[in-house]
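Q: Pasting a structure here, questions to come.
The values are calculated or read from the model by the stated rules, or taken from the named source; none is laboratory data. What you are looking at is a predicted structure, and each value in this text was computed from that prediction instead of being measured. Every residue, glycine among them, receives a Cβ derived from its backbone with ideal geometry; neighbour counts consider all protein chains shown. Accessible surface is based on the protein model in full, side chains and every heavy atom, while ligands, DNA and RNA are left aside. Shrake-Rupley method; radii C 1.70, N 1.55, O 1.52, S 1.80 Å.
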Amino acid sequence: MSDKVLKIRSLKVIFPTERGIIKAVEGIDFEVSKGECVALVGESGCGKSVSSLAFMKLLTTPPAIIDTRVHEFDGKDISNYTDKQMKEIVGTEMTMIFQDALSALNPVIKVGRQIDEIYIKKLGYSKADAKAASIEILRLVGVPSPAKRYHDYPHQLSGGMRQRALIGMSFASNPKMMIADEPTTALDVTIESQILKLLKDLQRKNGMALVLITHDLSVVKRTADRVYVMYSGKIVEEGPTDQVFNNPRHPYTKGLINSMPKIGKTKEEFTQIPDNVPHPLNKPEGCYFKPRCSNHDPEICKLHMPAFENLSEYRSVRCWNPIEDAGGE
Amino acid sequence: MKYKNNIIFAIAKSLLNTLITLGQMIIKIWNHKKGRIGLILVVMISLIAIFAPFLAPYDPYDVLQRGARGVGPSTEYFLGTTSYGQDIFSMLIYGARVSMSICIITAILISFTGAIIGIAAGYLGKLPDAIIMRVVDVMLVIPTLPITIVLTNLFGKSYAMLIFIFTLFGWAGLSRVVRSQVLTIKNTNYVKSAELFGGGKWYVMTKHILPGVSNQLIMNTAMTAAGVMIAEAGLSFLGLGNTEFISWGKMLAEAQSSGAFLLGYWWWIIAPGIGIFASVSAFMLIGFSLEEIFNPRMKSSNSQYKVLKTLSGTYIKELFEQMEAADNVGGIENE
Amino acid sequence: MKIDYVIKRILHTVLIFLAVITLNFFIPRIGVDDPAERYYPPQLGSMTDEEYDEIKALTREQYGFDKSNLAQYAEYVKRLFSGDLGNSFQPGRPKVMEMILERLPWTLVLSVSTMVISAFFGITYGTFAANQRGRLADTALLASSTVLTALPSFIIALILSMVLGFGLGIFPCYADSEMMTSFDWSLAEIGNVLYNAALPIISMRIGGIVGYAVSTRNSVIVVSSDDYILTARAKGLSNSRILYSHTLTNYLLPIVTRFMMGLSGLIGGAVVIEKVFNWNGMGTLFINANLNSDYPLMMGVMLFLSSIALLANLTADLLYFVLDPRVQDGGRR
Amino acid sequence: MKKNRILLLLLIISMGILLTGCNQNDKSDSRSDDSLYVGYISAGFPAVFMPWLSNQGISPTVSSMIYSTLFSYDEENDEFLPVLGKSWEYVVEPDQVPQDQDYLEVRVEIDELATWSNGTPVTTEDIYLTFDLASDFSRSNHAGTLAWTGDLKHDYNADRSGELVRQGIFTVNHPGDYEFTEEDSNVVYFHVDKVLGAITPLFTTILILPEQEYNIISQELKLNTTSPTEELMYLFKNPMGSGPFTLNVDNSGPGVIVLERRDDYHLKDDDGGILYKVEGIKFINYLDEIVAINAIKEGDIDVINSSVSNIYVDNLSENENVSVDTSSSAYVQALTLNVNVPEKYSTPERELLKDPILREAIKLAIDQEYLISESLDGQGSMVRGGLFDENNKYVNDTLPFNKIDLAKANQLLDAAGYLVEDGDKFRSKDGVSLRFEITSNPGLKTTINYIQVLFEQVGIEIVYHEGGNNATKDYFYLGDFDMTIQGVSFIMSNVDMMMRAHFVTVGYSSNYGRVVDEDLAAKVNEMRSTLNYDRKIELIKELQSDIAALNYKIPLYTSSMSSAYRTDVFSGWVSVKGTGIYNDESLQNLTRRQ
């Protein structure tokens, strides 16, 4: 068990509203091992960001109401940790980066100072040491002329540089786990691959666990070791990346893969999943994917939510009628 | 000739559009809890104002219909009488005419001028924009109440003059807001494509820009009406408003200067105070509701907390258990 | 780039100031055929028409009405920049500038203390309410804001004066006139001023406190949901660190503007409150000038109020410039 | 959550500090001195006091306490009492003046004990400078109370700009054709218009200025220049007079004016003691009457300078320390018709008002009793012929009271062709309907409302029109009004002035609203210039009935004035007819209770 950095069992998050209760996350199990890169994939609105915040206990309660069976971090049960206790591990042992680096960085504070905060407030550095360390970390994440950039405000940096700075900030304390929430969405393709490479390098070098939250399967394919596919608040498929990509068992996963733009794909092969993710207040009876599923069984799919079945040691799927095993396991 | 017809047509059409938007807006306001209260209040006060002669038991302008002086609320005088024997209830009803009509007319005028000038500045850009915005800057710097006092001193304080002055110094803030909205709309694709396909300036302005800012305008009209009500009341309270008509502000001024305090005629102060409060808050409620309709971010997050309070702990626990159970349905079967 | 912005703002302010001056000069001249006739009505008794014409001519000469408007304007601007707002029409022709400066402190006592108090309580309570979202403190704030923003300050003043002043006698119903002339910075005098100013201040800004509180609350909420606050929380910073170092710096920006804008509005609005509480400030000076159609004084007060508003705007802009690095680089706010 | 608690605590603590700071009630020491506290209702106190330059607000009140005139007038005995002047006499008695001489000579002796507040004696130089300035256009325009100096007989060569032949006032140092003796060093001579009353305004209204200060006035530095120099402004701000009080400049401001008694004032009481018993006077400004009323109830002031509204009388009387004195006011309110319209403002309606029949009918539609009972709540009395005081020996008591007679009014109007068209409520003639605006300040609106009711019964429509804040400046002088309500008074000391303006004394006046009739003007002039006292009285009475018959100033009522004063701090209040309880006699008589 000790190689599991994060272990979550049955995470549930709801948001009460005037019009009803939004069930954002409906009981997901999630694990990350040391030095592993795990991706959590799904369309927007399926609850992956909420889950990632819940992993770090960053959701504000209220409005959110959270329940977990097991919540372990680095072997410690943190499910009953107080706010104060959490502060000790968040930002040092587990860190997080967000998609839009421009809005994720405080616009009125210099970039360097924002990194300093980690060193000063969390690691107890002196001001001067913190500055040196910040410049060093900026250099490490590949920001050119870091001593100069240290004094810049976020809006003065380019998008890629901002993202690097953000990564530097969350990497400053050598975390055991880093959650990257859509780290590359706001960037163009060349910068995207640079950033992914950087993340991957950092992860490998330090044996850090990396949780990648994304809707972009190409990112997953390039980066992740293992993947969780999430749909409407539930995990629908789990498995090693290559297996899931080569041999998707859940129709949703397949749909996602098919909708991936790919060189050489013909128009017929490039298909979108019809419809949208169901509104969280208005989820269908039975299997949530049923209305969008081309292969559903009118009886059982309508009545019951399928269970999360283990297909093999590494693979699980939540479907009454999984796609035939294409072999190659 | 044809050109002229086009303009008339365009005006008629934009007017119709405005009316339709207005109608839709009223429905939306009606469906909003706060808005409905505001709407009911405004309609009620307006009806009172229109039918004042039928509703008021006495004609407060008629000196012969004066009763006992300084009488408290009674069956004969619902809200008591003033030191001069005027029936306060009747004054309140007649006062609604002046107070409401001034603020509604002014608010509409301000919205019109503000919209026209704001759209002109935002859409035409360049020199017109620069000139208009500098004028707006100047207007916004000059304090409203004092300048109104100066102008009424110079030009008299007739009903029309008051409306004119309020409008003169009220449009600036709105047109700045409208302008910035126009700037955003101007750069949208549909406006650009309309221009590309040879839509004239007038066409684009009425067809695309005006509908784009109409939300803001209607919201602003409500808020301006509230503001004008306060300004008129303040001016009248200083004894600088129109003296020929009874307005709520003037009732307060008379109450204050005729010793309502000292003589303990609290009803003389409370009645117009409530009149002003009710109408101002009615307009504000409409304004707020529109704000929430157009910009739901604030509201929804707030209501979450309200809901949260009504939820019991056991209910949530059950809910979570349900979720887990649902998750395990298939699993159990398969085991 | 940076200096450019400051210079631009200052130039802009100067431009508007000139426009305000021009308005100030021309407004009292609108619709007057012969200002001299208005300013010097003839006396009862033995004055003949010739004598009256003589006086009018003299008046025209003394006031410079005989010169062209442009020449008068040039003269006006010239005097203005030497700090001379002209002489009032009041008997003895006291200097407008001196009259204003005499009253200004007493209006500032009201408006500045009101400002500071409402900003302090408003921001504190607003932050508090934002953190207590959905609970009593918050709901009470929202409820009272609906009520208080709809109540003009003078109605609050009247009610307070009726209840606390005339009714219960806790506070004076009107200001002690002597206080203003005999003020000597002793503790007792300061206390007396506060005691007298209590009701005006409360009624002027009870709504203001609520206004500040609501806008603070809202911007705290908006700012709190911004991504960088999430980042700060993900960094595991303490709550106070997040509040003071990240939230505050950002939500104070709009409030700075509000504060500065509020100042000029308050001084203008003090006119009404000063009347209710018999407070001898700029407001009463202005009303007095209005009653006597004392245009130099009226326009002097107007110019003063406008200048305060302008300065406040400029200060707000410059503060923004200092506080928000995005503005320094010419970005839009 | 902890943070919140700290915030809340901070909030409560600072609120507490604020409230305790506010609770320092030290009102008690406000009555530590022996001054008389006088409440004054106005929009604010002036910062400067130039005695001549204002006839509005508190300025004349304060100026007349700081400065003094030559004489004061005793209404009851019709005689001048000494102030700065010790005695006066005609050099040649009026009835012995040769027919061809158009002026009278008056000799005034200055009281050698009179001093300025800096201790220097008042000299003839002061008197000379004062009257010289007052009558010299090139150094000071007429303003305020100076209008009367036109009665000084200056003679010029050909026109006013020519060489001065005879000076209307001169002193020993500026001798004319007179021989002076040694004792004459305290004497001033006046050459005045051959009008009996002319000396009254010269004696009693012109405040004497100190020559030592005002000698700086020249053609370059006019007295009422629009931009006074620092030097001049200093004089205005620190007035030095010869009156019984001095201004405490340091303690005076927009809300308070502090006057201190001069113990070296030259006039003494009968026992040779100090004339004014109050040690000082504090005028306290109140923006609203209600505030002043509350102040007197609270004991913050001893007396209110002006008349208080009737609605407060009962309330005030409830307080055992407050008394209310009721006396008749100095004015008759008269409905004034604009019968002398300047061409610029002529309208068909205003032309109609020139018709004496219409004016007669208007008079007949006025019911004084009704107005008094309805708009004054009974607090007033009826008036006749524009005058009110039946005890005044100059009043023509053969004049009848105006009585309402609607039938006769309607009959007159019908006969004169003012007819009610079909479907119309009001009369019209030649397409001009009888619709008049009464231009007035809002204070008189109630009265106007009742006039509306009365006039409706004879088919005349009356509309209220607010006439601006300053009646004289805004409409009365210009002549831009149909009707207005004007205060009219009749004081013997000014009778020739009153008569010429047809009784008006309130503030400024003008020809507008006054019938310009050649016969009448001639009669007024005869009255003014006749030197036979009995003939003068006879003409005064005749003129009263002539003027009343013209019906352009229709008396409405004279309202009572109620003065409120406290009896617990000072005793010895004296009520004076026409001025109320706050007056010079009270000031001389009041003593502080122990």
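Q: How much accessible area per residue does the protein assembly as shown have, in Å², with a 1.4 Å probe?
A: On the way: 65850 Å² over 1591 residues.
Value returned for the protein assembly as shown: 41 Å² of accessible area per residue.
Q: Right, something else. Short version: which residues of the stretch D:243-257 lose at least 40 Å² of accessible area, all chains versus chain alone, 1.4 Å probe?
A: Those residues are D:PRO254, D:VAL256.
Q: Which three lengths, in whole Å and largest first, does the protein assembly as shown cover when its Cα atoms are put on their principal axes?
A: Each principal axis gives a Cα extent; for the protein assembly as shown these are 148, 80, 68 Å.
Q: For D:LYS297, go through the lysines and keep the ones whose alpha-carbon is under 19 Å away, minus same-chain ones fewer than eight residues off.
A: D:LYS27, D:LYS282
Q: Further question on the same structure: Using the Kyte-Doolittle scale, which helices in chain B average at least -0.5 and also have C-alpha atoms spread 24 Å or more along the helix axis, with helices defined as whole DSSP H runs?
A: Working: long enough: B:2-31 (43 Å, 0.57); B:33-50 (26 Å, 1.78); B:88-119 (45 Å, 1.95); B:210-237 (39 Å, 0.95); B:266-294 (41 Å, 1.46); B:313-334 (32 Å, -0.45).
Span-like helices, by this rule, are B:2-31, B:33-50, B:88-119, B:210-237, B:266-294, B:313-334.
Q: Just to be sure I understand: if you take the accessible area of chain A alone plus chain C alone and subtract the pair, with a 1.4 Å probe, what total do you get in Å², rounded to 100?
A: Details: alone 16120 and 18640 Å², together 32580 Å².
Accessible area lost upon association: around 2200 Å².
Q: Then there is this: For chain A, find the longest principal axis of its Cα atoms and tell me its angle to the long axis of helix A:189-206, 0 to 90°, nearest 10.
A: The angle comes out near 80 degrees.
Q: Could you work out what % of the accessible surface of chain D is carbon and sulfur, using a 1.4 angstrom probe and leaving DNA, RNA and ligands out of the count? Let's see the in-between values first.
A: Numbers: 11220 of 24170 Å².
Carbon and sulfur together cover 46 percent of it.
Q: Any idea what Rg and Dmax come out to for the stretch B:42-295 if you just take the C-alpha atoms, in Å?
A: Every Cα atom of the stretch B:42-295 included, Rg and Dmax give 21.7, 74 Å.
Q: Now for a different question. Under the rule of -39500 (n - 2.57) per DSSP H run of 4 or more residues, summed and divided by the residues of the protein assembly as shown, what mean residue ellipticity at 222 nm is obtained, to the nearest 500 deg cm²/dmol?
A: Numbers: 59 runs with 756 residues, N = 1591.
Result for the protein assembly as shown: -15000 deg cm²/dmol, rounded to the nearest 500.
Q: Please label the shape of chain C as rounded, prolate or oblate, based on the square roots a ≥ b ≥ c of the eigenvalues of the alpha-carbon gyration tensor (a/c under 1.5 means rounded; beyond that, a/b larger than b/c means prolate, else oblate). Spell out each step's value before the answer.
A: Numbers: a/c = 3.00, a/b = 1.62, b/c = 1.86.
Here chain C falls in the oblate category.
Q: Which of the pairs A:LYS7/A:LYS34; B:LYS34/B:LYS186; D:LYS153/D:LYS553 have their Cα atoms more than 21 Å apart in this structure? Provide the component values of the computation, followed by the final result.
A: Details: A:LYS7/A:LYS34 11 Å; B:LYS34/B:LYS186 33 Å; D:LYS153/D:LYS553 32 Å.
Exceeds cut-off: B:LYS34/B:LYS186; D:LYS153/D:LYS553.
Q: Enter the buried accessible area of the D/B pair, total of both sides, probe 1.4 Å, in Å² rounded to the nearest 100. Don't skip to the answer; put the middle values down first.
A: On the way: alone 28170 and 19220 Å², together 45710 Å².
About 1700 Å² of accessible surface is lost on pairing.
Q: Applying 1/(1 + (r/R0)^6) with R0 = 45 Å to the Cβ-Cβ distance of C:GLU98 and B:LEU168, what FRET efficiency is obtained, to the nearest 0.05?
A: Details: r = 32 Å, r/R0 = 0.70.
Result of the calculation: an efficiency of 0.90.
Q: Past 32 Å, Cα to Cα: identify those pairs from C:LYS8/C:LYS95; A:LYS121/A:LYS200; A:LYS84/A:LYS283; A:LYS12/A:LYS205; D:LYS344/D:LYS445, in the order given.
A: Numbers: C:LYS8/C:LYS95 34 Å; A:LYS121/A:LYS200 27 Å; A:LYS84/A:LYS283 36 Å; A:LYS12/A:LYS205 34 Å; D:LYS344/D:LYS445 27 Å.
C:LYS8/C:LYS95; A:LYS84/A:LYS283; A:LYS12/A:LYS205, as the Cα separations exceed 32 Å there.
Q: Separate question: Once you sort the root eigenvalues of the Cα gyration tensor of chain D as a ≥ b ≥ c, which label holds: rounded (a/c under 1.5), prolate (a/b larger than b/c) or oblate (the other case)?
A: Details: a/c = 1.77, a/b = 1.04, b/c = 1.70.
Oblate.
Q: Out of all DSSP beta bridges in the protein assembly as shown, what portion is antiparallel? Express it as a percent rounded to 5. Display every interim value, and only then the final one.
A: Numbers: 95 of 131 bridges.
Just about 75 percent of them are antiparallel.
Q: Classify chain A: rounded, prolate or oblate, from the alpha-carbon gyration tensor (a ≥ b ≥ c, eigenvalue square roots; a/c under 1.5 rounded; otherwise prolate if a/b is larger than b/c)? Provide the component values of the computation, followed by the final result.
A: Working: a/c = 1.94, a/b = 1.57, b/c = 1.24.
Taking the square roots of the gyration eigenvalues as a ≥ b ≥ c, chain A is prolate.
Q: For the stretch D:250-347, which GluC sites (Glu not before Pro) are both in a DSSP coil and crowded by at most 11 other Cβ atoms within 10 Å? Kindly include the intermediate steps, with their values, before the conclusion.
A: Details: sites: D:GLU260, D:GLU279, D:GLU289, D:GLU298, D:GLU318, D:GLU320, D:GLU343; in loops: D:GLU279, D:GLU318, D:GLU320.
Filter output for the stretch D:250-347: D:GLU318, D:GLU320.
Q: Report the net charge of residues surrounding D:SER428, where surrounding means a beta-carbon distance below 9 angstrom and charges are Lys +1, Arg +1, Asp -1, Glu -1.
A: Numbers: positive: D:ARG427, D:LYS429, D:ARG435; negative: D:GLU421, D:ASP424, D:ASP430.
Its environment carries a net charge of 0.
Q: Now for a different question. Computed on protein heavy atoms with a 1.4 Å probe, what is the summed buried accessible area for the chain pair B and C, in Å² to the nearest 100?
A: On the way: alone 19220 and 18640 Å², together 33760 Å².
The B and C chains share an interface burying roughly 4100 Å².
Q: About the Cα centre of the protein assembly as shown, how large is the charge dipole given +1 on each Lys and Arg Cβ and -1 on each Asp and Glu Cβ? Please answer in debye to the nearest 20. Intermediate results must be reported in sequence, preceding the final value.
A: Numbers: 141 positive and 177 negative charges, 2523 e Å.
That gives a dipole near 12120 debye.
Q: At a 1.4 Å probe radius, carbon and sulfur cover how many percent of the accessible area of the stretch A:20-164?
A: Details: 2720 of 5580 Å².
Of all accessible area on the stretch A:20-164, carbon and sulfur atoms account for 49 percent.
Q: May I pose another question? What angle, in degrees between 0 and 90 and rounded to the nearest 10, separates the Cα long axis of helix A:127-140 from the longest principal axis of the Cα atoms of chain A?
A: With rounding to tens, the tilt is 50 degrees.
Q: Okay, next question. Apply the membrane-span-like helix rule to chain D: whole DSSP H runs, Cα extent along the own long axis of at least 27 Å, mean Kyte-Doolittle hydropathy at least -1.0. List the helices found. Before the final figure, lay out each step's value.
A: Values: long enough: D:2-22 (30 Å, 1.47).
Result, helices passing both filters: D:2-22.
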